[in-house]
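So the structure is just underneath, and the comments pick up after that.
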């Protein structure tokens, strides 16, 4: 569906005290997402996962590297020619409150793109209303209830469903969900996640899930690929279940260790990994970028950059000079 | 209250718990209403909650559950159009906060009760350094020894793993989210308050930063001998940090007790549903099940009967009309008709059986329970298209009659 090779992106601060300073958001990232497949990007805020998601959705140009959609290299096309390719990839924002126009009813919100679509595909006007109803039913909403309403009359969960329905109006082949449930009430989150999972299974839509919560990534696509991103680099990559049960990169282990333990139901992992500094403010780019926070860092880590690969014979790829499996994940009380 | 009259000396602002111990807090029958065009609507109704001296209590609830309103009530700081319509908040050494007014109330805030606001990251003044804001705080509370206050602030920040002197010289934009959150905690503690309320202390923070903040909350709590209340929507946060846990829904506390007990053997259908709706890292991911429907808002909280009944798999007719009885067992309390009915039938012992994720009571265990999916569905959300069916009802664990 979409692959990327060596994708980079650097932001330059325009004004203010930091004017001219460069922030390397992405430092050469490779990825591949299959048709109907699932992938998740996890990492802390500022790691570049959102930037990568926006680049994949065609909302942000990248600096260097190549992006290929359905076999066509985007660099071979002019910006306008890329549109039909990126139309296949739709982004679902974190915030369903600002993603919808507050002055439009759900009916109006869905009608505009569907009318365009009807024109493109030479369908009669009657198809527009029919399709709007279909899409709302598909995302688990009652069209009769939702269509005449404005966004403020809907709950956060219902709004996010409307956003998903809107994304589906252009028949996308892939949905990019950027922290799509972080602003939704806890009891409603799983419903949205289940919907994305269901769309993948029923419509064959690929899902790229961008999150800091590994457990939700696991829920969406346990069969998918997990990309752990740190300061613009992929530091560990492989099947979700492999990385959760057997992480080898200390950064991945720190992320998994930080997940709260439900005491009473779970006991903490045996080898919890805590980064040594809360923040690496040195912004030094030599060696391993995580070395200055890593509790297991050595001299070599400070000078020599580790490359993504299967070093040490691990099933997943990692970028660590000293890969070692550690049991960091909390286990249910009483085994299991 | 008499302690208010005592001039604040340097000693009392500098370190230690000298002469002050963790206060207990007793919230009784607390109700808060908000005036709306539709009349006065209850945000919080008849809450009874005790904060044991020296404990960390977690209050968990979704938006609209009334958890922030409850927290503000501890400061008697509910803003119009809201007002505390009934009940009391007794704090050791202060008396009933609901009756405090004017200067006495202002002094109590900060001095006795420290409050870390929701999004503390954004509650700092962007134009002043942290140090200047600290001095403002000191002056408004008539602190005589401002140097001592600065020293105390520096120590606290150092304790939380930061360079105190540097942070005090910084503007907020120079600090990361996690650092601002720690500054918020410093402000809540620097006047030597021994009751601390943290409203969503880790919202918008990264996982690793969240873990750091929670560890700091726990450590500072123990070192300084505090009584701490943590308000959050995230069960994981309270599970990690709290000794005791209260679950709020629709303005009521539906279940409370020691954290391990509430999470290990939850009794209220809402607590169970919530736990089941959280995807986990280990075990069968397919067991995660969404709660049907959605939480009530101020306007849709039922005036009588159980507030959770719309979404409850154990609903019976009595839930429509009568407030659920509060059943106590050991140290935990639960407000549910179904639990009460079950306890009446089986004796209280079986209610304490352990619970596993994925374990839901079978409907046939509850006399008269049921109701069709049609009735239970949310007005807008259909039990179709990706919404897991309500009837995810499985036989409970074996070993029962």
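Just so you know, all these numbers are worked out from the coordinates, no wet-lab data involved. Small disclaimer: the values here were computed from a predicted structure and weren't measured. Cβ coordinates were reconstructed from backbone atoms using ideal geometry, including for glycine residues, and neighbour counts include every protein chain displayed.
What does the structure give for A:264-270 when I average, per residue, the other chain Cβ atoms found within 10 Å of the residue Cβ?
5
Give the order of A:231, B:215 when sorted by the count of other beta carbons within 10 angstrom, beginning with the fewest.
Going from sparsest to densest Cβ surroundings: B:215, A:231.
Percent antiparallel among DSSP beta bridges with both residues in the protein assembly as shown, to the nearest 5?
Counting only bridges with both partners in the protein assembly as shown, antiparallel ones make up about 60 percent.
Give the residues of the stretch B:176-201 whose amide nitrogen is closer than 14 Å to a point set 7 Å from the Cα of residue B:165 in the direction of its Cβ.
It comes to no residues whatsoever.
So, by mean Cβ neighbours within 10 angstrom, what's the order for B:158-166, A:118-126 with the highest one leading?
Descending packing order for the listed peptides: B:158-166, A:118-126.
Within a 10 angstrom radius of each residue's Cβ in B:234-242, how many Cβ atoms of other chains show up on average? Whole number is fine.
Partner Cβ neighbours, averaged per residue: 4.
Name the most mobile residue of A:261, A:273, A:139, meaning the one with the largest mean-square fluctuation, in a Gaussian network model of chain A with Cα contacts below 10 Å.
Result: A:261 has the largest fluctuation of those listed.
In degrees, nearest 10, range 0 to 90: what is the angle between the Cα axis of helix A:156-168 and the longest Cα principal axis of chain A?
80
Which FRET efficiency value, to the nearest 0.05, is calculated for residue B:79 and residue B:331 with the Förster distance at 45 angstrom and r the Cβ-Cβ distance?
Efficiency for this residue pair is about 0.85.
Suppose R0 equals 56 Å; then what is the FRET efficiency for residue A:245 and residue B:144 from their Cβ-Cβ distance, rounded to the nearest 0.05?
0.45
Sticking with the crude label model, points 7 Å out along Cα→Cβ, report the distance from residue B:63 to residue A:72 in nm, one decimal please.
3.9
Could you give the nm distance between label points at residue B:104 and residue A:203, where each point is 7 Å from its Cα heading toward the beta carbon?
Placing both labels 7 Å beyond Cα along the Cβ direction yields 6.2 nm.
So for the pair residue A:152, residue A:59, with labels modelled 7 Å out along Cα→Cβ, what separation do we get in nm?
Result: 2.4 nm between the two label points.
Where does each of B:320-331, B:167-178, B:189-200 land if you order them by average Cβ count within 10 Å, highest first?
The peptides rank, most packed first, as B:189-200, B:167-178, B:320-331.
Can you tell me the FRET efficiency between residue B:21 and residue A:284 if r is taken as the Cβ-Cβ distance and R0 is 41 Å, rounded to the nearest 0.05?
Computed FRET efficiency for residue B:21 and residue A:284: 0.30.
When the helices in the protein assembly as shown are scored as -39500 (n - 2.57) per DSSP H run of 4 or longer and the sum is shared across all residues, what 222 nm value do you end up with, to the nearest 500 deg cm²/dmol?
One gets -9000 deg cm²/dmol as the mean residue ellipticity at 222 nm.
Taking each residue of A:188-199 in turn, how many C-beta atoms of other protein chains fall within 10 Å of its C-beta, and what is the average?
6
Hey, for a label at residue A:302 modelled as a point 7 Å past Cα toward Cβ, could you say which residues of the stretch A:219-236 have their backbone N under 15 Å away?
Counting backbone N atoms under 15 Å from the label point, the list is empty.
Can you give me the convex hull volume of the Cα atoms of the protein assembly as shown, divided per residue and expressed in Å³?
Enclosed volume per residue, from the Cα hull, is 171 Å³.
Only counting other Cβ atoms within 10 Å, I'd like B:287, A:22 sorted with the fewest neighbours first.
So the residues, fewest neighbours to most, are A:22, B:287.
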